[in-house]
Amino acid sequence: MNKYDRITPEGTRDALFAECTLRRQIENNLHGLFTARGYSEIITPTLEFYDVFNRSSQPIPMEKMYKLTDAKGRLMVLRPDNTIPIARVCATRLRNAELPLRLCYHQNIHMSSPYLKGRDDEISQAGIELIGSDSRMADLEVIAAAVDALQACGEEYTLELGNAAFFRTIMQQLSVSEDIKEHIRDCIETKNYPALNDILDTLPDSDAIQALRVLPRLFGGEEVFEKAKALFGSAPYTDILDDLHTLWQSVTQFAGADRVTVDLGMMHRTDYYSGMIIRGYLSGYGDEILSGGRYDTLLAEFGYDVPATGFAVNIDAVVKVLSKQQQEQAAPHAESSVLIWAAKGCETDAIEAAGNLRSKGLIVEHSLSDTLEEAQKYAAAHGIDSVLPIEISKYAKGE
């Protein structure tokens with residue numbers, strides 16, 4: 001007997017009916033938002049060679065990738081990230097294209113999360129990548145698009161700003177093994193601060209250790225910059241803080257200071273970010289629904305040394321938030337719908353009538369019931385507005 005033929009693998013699920021409609025609406029809204037800014041769509045394969053993601057920076061741990069082999073025995077993976085394959089395309093097929101490149105996408109990623117119960121292993125993402133500029137305008141363009149994407153997904157949203165260089169600078173001064181550094185990273189990534197302190201308590205005290213202890217508290221509004229400068233008063237920290245402060249001031253001018261926060265302990269699960277990083281949140285969902293930032297060194301690993309920045313929206317997370325909101329609110333008025341019931345010999349007339357009604361914007365189903373009474377019961381049970389019986393065929397009369 002087949003043991004797993006009636007269930008989906010862990011971290012995956014089926015999407016049905018209203019959820020599919022909502023998902024498509026979100027995808028279309030974001031696609032329109034991206035293309036209106038001059039971004040062109042790109043699609044990369046679901047299957048990629050493992051070597052594409054086996055970078056020197058190790059942005060994605062090998063154990064988190066779904067792996068398989070092709071007919072020649074070569075190691076392959078289900079795409080665990082969208083930015084890295086797009087970097088591959090830019091460094092190869094688009095290498096001679098004029099910069100900057102503005103690219104957008106909507107496709108799934110697959111990543112195993114055995115220790116994060118409840119998190120999807122298959123995630124639908126929509127996002128943008130701006131390739132070939134390290135200017136402040138490029139960062140602001142991407143952040144402004146992120147704010148618009150958050151607005152398109154919900155009215156109650158917040159945006160977090162950080163800088164990957166701040167955490168990386170602290171870690172470079174930490175004299176411990178790579179395994180311990182990875183453990184520290186995991187604790188900060190998951191905001192497991194009790195576990196972080198347990199690790200730090202076992203290590204010799206140093207400036208880097210003290211910095212890691214206070215890092216979780218360095219979040220909030222503009223006051224964070226003063227607190228951080230009091231603790232980190234020398235270069236390169238001051239340079240990073242000044243740059244981030246200037247960015248924060250610009251972003252709050254178009255997004256509003258009440259919606260923008262600073263988190264100096266922010267880091268990304270994929271460790272290829274080199275500068276500013278962003279995360280977006282919707283009310284009613286604990287994890288971020290949008291994330292991204294600047295990654296100026298990733299394309300160089302493919303032999304094409306150009307800067308880049310971008311972000312991705314977690315479509316599945318947005319669907320969960322909006323589905324919950326719709327359940328809490330009164331059901332919206334649906335488009336008018338009609339059920340056409342055809343008597344025997346009137347089937348062709350029913351097909352023609354349905355086409356005419358659909359051309360007027362109505363939702364039309366064909367009844368498969370034997371009697372008109374059964375069709376009326378079906379319509380009532382499925383919330384269909386009206387039943388149109390067709391009992392005389394004009395084709396039978398030779399009209």
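The values are calculated or read from the model by the stated rules, or taken from the named source; none is laboratory data. Note that this is a predicted model, so its numbers are computed, not measured. Every residue, glycine among them, receives a Cβ derived from its backbone with ideal geometry; neighbour counts consider all protein chains shown. Quick note on the areas: whole protein, heavy atoms, side chains included, nothing else; ligands and nucleic acids left out. Shrake-Rupley method; radii C 1.70, N 1.55, O 1.52, S 1.80 Å.
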Exercise. Which residue pairs have Cβ atoms closer than 7 Å, lie 6 or more positions apart in sequence or on different chains, and pair a first residue in region 351-368 that is part of a helix (DSSP H, G or I) with a second residue that is among the aliphatic types (A, V, I, L, M) and surrounded by 15 or more Cβ atoms within 10 Å (Cβ to Cβ)?
Worked result: Ala353/Ile340; Ala353/Leu388; Ala353/Ile390; Ala354/Ile340; Ala354/Val364; Leu357/Val338; Leu357/Val364; Arg358/Val364
Seminar exercise, completed: Going through region 47-91 in order, the residues found to be under 13 Å from Ile109 (Cβ atoms) and acidic (Asp, Glu) are Glu48, Asp81
Exercise. Taking His183, is it closer than 28 Å to Pro61 by Cβ and either surrounded by 18 or more Cβ atoms within 10 Å (Cβ to Cβ) or hydroxyl-bearing (Ser, Thr, Tyr) (or both)?
Worked result: no
Exercise. Pick from region 277-331 the residues that are within 12 Å of the chain's Cα centre (by Cα) and assigned to a helix (DSSP H, G or I): which of them is surrounded by the fewest Cβ atoms within 10 Å (Cβ to Cβ)?
Worked result: Asp316
Problem set entry | Any chance Pro85 is touching a helix residue (DSSP H, G or I) at 6+ places or on another chain (Cβ under 8 Å), of a type outside the set (Phe, Trp, Tyr), at pLDDT below 95 and open to solvent by less than 30 Å² (accessible area, probe 1.4 Å) | no
Exercise. Does Leu231 satisfy being of a type in the set (A, V, I, L, M), in contact with a Phe, Trp or Tyr (Cβ under 9 Å, 6 or more places away or on another chain) and open to solvent by 70 Å² or more (accessible area, probe 1.4 Å)?
Worked result: yes
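So that you can scan it fast, the table gives a plain yes or no per residue for (1) assigned to a helix (DSSP H, G or I); (2) open to solvent by 60 Å² or more (accessible area, probe 1.4 Å); (3) at pLDDT 95 or above; (4) under 20 Å from Phe311 (Cβ atoms):
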site	(1), (2), (3), (4)
Gly73	no, no, yes, no
Asp81	no, no, yes, yes
Asn96	no, yes, yes, no
Leu99	no, yes, yes, yes
Tyr115	no, yes, no, no
For this session: Identify the single condition in (1) touching a Cys at 6+ places or on another chain (Cβ under 7 Å); (2) at pLDDT below 95 that Tyr395 does not satisfy, given that it satisfies every other one.
Result: (1)
For this session: Please tell me if Thr246 is out of contact with any helix residue (DSSP H, G or I) (no Cβ under 7 Å at 6 or more places or on another chain), open to solvent by 20 Å² or more (accessible area, probe 1.4 Å), under 22 Å from Leu161 (Cβ atoms) and in a helix (DSSP H, G or I).
Result: yes
For this session: Mind listing just one residue for me: the one in region 249-264 that is assigned to a loop (DSSP other than H, G, I, E, B) and open to solvent by 10 Å² or more (accessible area, probe 1.4 Å) and, of those, nearest to Ile184 (Cα to Cα)?
Result: Arg259
Seminar exercise, completed: Here the residues within region 186-224 that are surrounded by 15 or more Cβ atoms within 10 Å (Cβ to Cβ) and part of a loop (DSSP other than H, G, I, E, B) are Leu203, Leu218
Problem set entry | Checking Tyr395 against (1) in contact with a helix residue (DSSP H, G or I) (Cβ under 6 Å, 6 or more places away or on another chain); (2) of a type outside the set (D, E, K, R); (3) more than 30 Å from Ser274 (Cβ to Cβ); (4) buried (at least 16 other Cβ atoms within 10 Å of the Cβ), the condition it does not meet | (4)
Problem set entry | Residues of region 368-385 classified as within 17 Å of Asp349 (Cβ to Cβ) and under 41 Å from the mean Cα position of the chain (by Cα), total | 1
For this session: Please go through region 40-68 and pick out each residue that is out of contact with any His (no Cβ under 9 Å at 6 or more places or on another chain), among the hydroxyl-bearing types (Ser, Thr, Tyr) and at pLDDT 95 or above.
Result: Ser40, Thr44, Tyr50
Exercise. At pLDDT 95 or above, of a type in the set (Lys, Arg) and not in a loop (DSSP other than H, G, I, E, B): does that describe Arg37?
Worked result: no
Exercise. Pick from Leu103, Leu150: which is open to solvent by less than 60 Å² (accessible area, probe 1.4 Å), of a type in the set (A, V, I, L, M) and part of a strand (DSSP E or B)?
Worked result: Leu103
Seminar exercise, completed: Note on Arg119: of the conditions (1) assigned to a helix (DSSP H, G or I); (2) farther than 18 Å from Asp271 by Cα; (3) open to solvent by 30 Å² or more (accessible area, probe 1.4 Å), unmet is (1)
Exercise. Under 9 Å by Cβ, and 6 or more places apart or on different chains, what pairs join a residue from region 213-232 that is more than 16 Å from Ile188 (Cβ to Cβ) and modelled with pLDDT of 90 or more with one that is among the small types (Gly, Ala, Ser) and not in a helix (DSSP H, G or I)?
Worked result: Gly221/Ala257; Glu222/Ala257; Lys227/Gly220
